[in-house]
Amino acid sequence: MAIIIDKKHNTFTLHTKNSTYQMKVDKYGVLLHCYYGEKTDNTDKSLLYYQADRGFSGNIYEAAKSDRTYSLDSFTQEYSGFGIGDYRITALRAQNADGSQATELRYTGYDIQKGKYTIDELPMVYADDTQSETLVIYLQDVYTGLEVSLYYGILEQLDIITRTVKITNKGKSDITLQKAASCHIDWEYGDFDLISFYGKHSMEQNIQRTKIHHGIQSIGSVRGISSHQYNPFVMLCESSTNETMGSCYGFSFVYSGEFSIEIEKDQIDRTRFICGIHSDNFKWTLHNNDMLWLPEVIMTHSQYGTGSVSRNLHKVIREHICRGIWKNKRRPILINSWEATYFDFTGETLINIAKEAAQLGIELFVMDDGWFGKRQDDNTGLGDWFANEKKLGCTLKELSKRIIAQGIQFGIWIEPEGISEDSDLYRTHPEWAVQIPQRKPCLSRNQLILDFSIKDVQDYIIQTISDLIKDASISYIKWDFNRAICDKFSSLLPPEKQGEFSHRYILGLYRVLEELTTKFPEVLFESCGGGGARFDTGMLYYTPQIWGSDNTDAIERLSIQYGASFGYPISAMGTHVSAVPNHQTGRITPFSTRACIAMSGTFGYELDIAKLTNEQKQQIKKQIAAFQKYYVLIQYGDYYRISTPLEGTCTVWEFVNEDGTEALVNAVYHHVQANAATVRAKVYGLNDTQFYQLSLNEYFTEQCPEKQLPYGFRSGEVISGAALRQVGFVIPSAVIDFQAWQIYIKQCEI
Ligand code: DGJ
């Protein structure tokens with residue numbers, strides 16, 4: 001049983017395989033948070049807490065006369081209200097009909113449900129009844145009748161607990177939510193580090209580890225999208241935690257819009273974590289019986305460091321977020337036209353690339369931006385989702401036929417949420433563009449945003465994209481989004497509902513994606529936000545892969561993909577081999593290195609294949625053969641970060657299958673040094689008592705200049721799993737700048 005209710009102590013204890021979560025209803029009906037961490041028993045952990053009169057921390061009225069130690073300001077609560085004597089950051093802030101901003105939540109009951117709860121209109125973890133259980137705890141504001149239902153989904157075997165909240169106005173008067181978080185956790189102590197991922201366009205997922213200090217620390221987005229700037233995934237860990245050891249929590253917000261993750265360490269070192277929709281652009285009025293579901297948060301805890309937390313998340317995202325046939329079906333190796341041609345192409349150019357690509361074993365050709373409306377650059381055409389036949393020299397249908405005739409599938413780029421002022425759609429429906437009446441809108445990439453909060457807009461896009469897919473034989477869609485949202489205002493919402501715009505926009509986006517992916521299950525959708533502006537678990541519910549960054553420089557991609565791997569599986573990361581000198585950095589890296597790094601993702605190419613030499617084309621065949629050979633290991637294996645691209649000389653990472661019989665170690669020298677210290681890779685996930693043989697992927701040795709074979713590596717020898725884990729093996733030295741190696745490890749008989 002994953003949910004244990006102790007009626008004597010009024011505790012709710014949730015167990016996963018390796019973690020425990022506990023809450024308790026106290027004598028005043030306040031729901032306390034008692035514990036989240038390493039697996040333990042059902043004992044009431046609040047008995048171990050220390051309560052004192054903290055001075056200037058007021059007491060609730062019922063307790064004031066008898067117990068001045070009883071203060072919401074210093075207790076660890078499960079979901080905090082506002083304005084009633086707890087001065088810390090809060091989960092819920094609402095304005096009542098009388099103008100007051102007080103919410104005082106008390107326990108009213110609970111419910112246990114078989115299987116995992118579902119949420120209306122929002123992405124979420126799904127699981128069948130044998131894999132999951134649900135606990136719902138009901139709280140209500142004492143005066144207004146505002147009901148807060150806390151949902152906990154327990155996926156015991158995966159060490160995952162999901163949380164969401166449903167808020168219902170059970171009172172008679174209107175209540176306006178000003179802040180409504182999805183997840184709130186209080187710890188009685190606070191020696192934590194926060195690991196978060198900041199970035200910018202073309203350099204996403206930079207890892208930042210900071211000590212939680214007294215005061216409030218927060219990350220978030222008010223950009224209408226989850227954003228390049230901060231990813232809606234964080235880890236919280238003990239300061240001694242590293243990649244393999246120590247207590248660590250992971251929190252992934254299943255949402256693609258504005259979010260905030262706040263942490264407050266107070267004066268008595270209690271630490272509060274709050275995650276939810278950002279409150280800056282959020283105001284939601286609930287009339288009598290109205291309710292609002294909040295987006296889900298996935299939580300996991302491990303005693304075995306950041307690596308273990310990442311693997312828990314990889315698994316739950318791969319198996320319980322990603323859906324449809326593409327969840328387990330082998331994804332095609334693609335070639336994308338963007339860095340090959342940008343806007344400068346004709347139908348013939350594209351057909352030539354597709355033809356060459358097909359001959360080398362590439363399976364899908366993607367026509368990127370520039371094929372529609374009057375688009376010759378990024379100033380026009382968004383919204384006009386019909387082919388520019390003059391430019392292509394034929395209809396979309398004909399082009400798709402001619403490309404498919406080369407022996408390759410056909411996919412297209414679209415940006416349905418974008419609208420150019422210079423477009424037929426804008427001329428017909430200016431009111432569909434997001435802008436505030438009487439104000440000039442802020443342009444970005446010279447474009448506006450289509451108001452996806454409007455149902456007519458959603459329907460129009462569903463129809464338009466459906467027609468496109470039906471008209472041409474489209475196997476793949478890259479769904480891009482190239483600016484942040486501002487001028488937040490919807491022409492259809494009344495003034496008092498404008499605060500709902502940002503969230504309604506995301507609900508609209510989710511509806512469109514749900515309809516299209518349901519209607520066309522065989523089409524592979526990849527999302528993109530000018531690279532990684534919408535790299536989040538919410539999007540992965542609809543699109544199983546996301547273009548990781550507009551930065552295709554292999555060495556920079558090492559860091560971007562390293563950062564992304566903390567919260568997201570390899571199967572989610574859109575990765576391509578591009579040309580050198582790299583278009584963003586000018587860096588020249590070996591072709592083999594670019595392939596090695598792109599293979600740790602969905603794998604594809606983004607260069608003008610016609611410009612490659614015959615020898616390079618032969619290399620593509622070998623790269624594809626390697627990717628195909630290790631596909632299952634890479635996409636579904638357990639992922640281990642062995643060394644970081646942020647220091648040292650060599651980045652090393654590993655994939656290992658579940659039963660520990662084979663592994664693939666990848667190594668890239670990001671900083672080649674003369675007479676360098678040896679790089680040692682400890683291999684994880686193998687069976688200690690079994691024996692293994694190591695072999696170098698020959699394609700990489702072929703790339704070495706003559707007679708300069710690597711040293712340090714012992715090929716063909718038989719080594720125990722224990723020795724490989726405890727001692728590790730030496731990564732072959734670098735013989736060229738930015739050298740990459742792939743070492744395959746296979747269990748063998750001795
Ligand atoms: C941004 C994407 O990230 C690129 O890959 C490309 O599709 C461009 N947009 C096209 O405008």
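The values are calculated or read from the model by the stated rules, or taken from the named source; none is laboratory data. Everything numeric in this text was worked out from a predicted model, so none of it was measured. Cβ atoms come from the backbone with ideal geometry, glycine included; neighbour counts cover every protein chain shown. For accessibility, only protein heavy atoms count, side chains too; no ligands or nucleic acids. Shrake-Rupley method; radii C 1.70, N 1.55, O 1.52, S 1.80 Å.
General observations
- Tabulated pairs, segment 680-694, first farther than 25 Å from residue 644 by Cα, second in a loop (DSSP other than H, G, I, E, B), C-beta under 6 angstrom, 6+ apart or interchain: 691/750
- Scanning segment 373-409 for residues that are part of a strand (DSSP E or B) and within 14 Å of the ligand (Cβ to nearest atom) yields a total of 1.
- Within segment 415-435, residues that are open to solvent by less than 50 Å² (accessible area, probe 1.4 Å) reach partners that are among the small types (Gly, Ala, Ser) and away from the ligand (no atom under 16 Å from the Cβ) with beta carbons closer than 6 Å, at six or more positions or on different chains, in the pairs 419/433.
- When restricted to residues that are open to solvent by less than 20 Å² (accessible area, probe 1.4 Å) and part of a loop (DSSP other than H, G, I, E, B), segment 151-179 contains 2.
- For residue 603, the stated conditions hold: it is at positive phi, open to solvent by less than 50 Å² (accessible area, probe 1.4 Å) and in contact with a helix residue (DSSP H, G or I) (Cβ under 6 Å, 6 or more places away or on another chain).
- Residues of segment 384-401 that turn out to be open to solvent by 20 Å² or more (accessible area, probe 1.4 Å), within 15 Å of residue 471 (Cβ to Cβ) and over 36 Å from the mean Cα position of the chain (by Cα), as a count: 3
- Residues of segment 561-581 satisfying the condition of being within 18 Å of residue 314 (Cα to Cα) and away from the ligand (no atom under 15 Å from the Cβ): 561, 562, 563, 565, 566, 567, 568, 569, 570, 571, 572
- Condition check for residue 690: of a type outside the set (Phe, Trp, Tyr) and at pLDDT 95 or above: yes
- Checking 148, 125, 142 one by one, the residue that is touching a His at 6+ places or on another chain (Cβ under 6 Å) and not small (Gly, Ala, Ser) is 125 and no other.
- Residue in segment 324-345 that is under 30 Å from residue 165 (Cβ atoms) and crowded, with 24+ Cβ neighbours inside 10 Å present: no
- Residues in segment 136-185 that are touching a residue at least 24 places away in the same chain (Cβ under 8 Å) and of a type in the set (Gly, Ala, Ser): 145, 153, 171, 173, 180, 181, 182.
- Qualifying positions in segment 510-560 - more than 16 Å from the ligand (Cβ to nearest atom), of a type in the set (A, V, I, L, M, F, W, C) and assigned to a loop (DSSP other than H, G, I, E, B): 520, 523
Every residue, every condition in (1) within 19 Å of residue 361 (Cβ to Cβ); (2) open to solvent by 20 Å² or more (accessible area, probe 1.4 Å); (3) outside any strand (DSSP E or B), yes or no:
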position: 564; (1), (2), (3): no, no, yes
position: 568; (1), (2), (3): no, no, yes
position: 581; (1), (2), (3): no, yes, yes
position: 584; (1), (2), (3): no, yes, yes
position: 598; (1), (2), (3): yes, no, yes
position: 617; (1), (2), (3): yes, yes, yes
position: 620; (1), (2), (3): yes, no, yes
position: 623; (1), (2), (3): yes, no, yes
position: 640; (1), (2), (3): no, yes, no
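- Members of segment 362-372 found to be buried (at least 21 other Cβ atoms within 10 Å of the Cβ) and away from the ligand (no atom under 12 Å from the Cβ), listed by number: 362, 364, 365
- Every residue from segment 649-667 that is open to solvent by 30 Å² or more (accessible area, probe 1.4 Å) and of a type in the set (D, E, K, R): 658, 659, 662
- Taking the criterion of being among the charged types (D, E, K, R), without any contact (Cβ under 8 Å) to a residue 40 or more places away in the chain and surrounded by fewer than 17 Cβ atoms within 10 Å (Cβ to Cβ), the residues of segment 27-69 that qualify are 27, 39, 41, 53, 62, 65, 67, 68.
- Sole exception among (1) within 16 Å of the ligand (Cβ to nearest atom); (2) assigned to a helix (DSSP H, G or I); (3) of a type in the set (Lys, Arg); (4) within 32 Å of the chain's Cα centre (by Cα) for residue 470, by number: (1)
- Residue 480 acidic (Asp, Glu) and either within 25 Å of the chain's Cα centre (by Cα) or within 16 Å of the ligand (Cβ to nearest atom) (or both): yes
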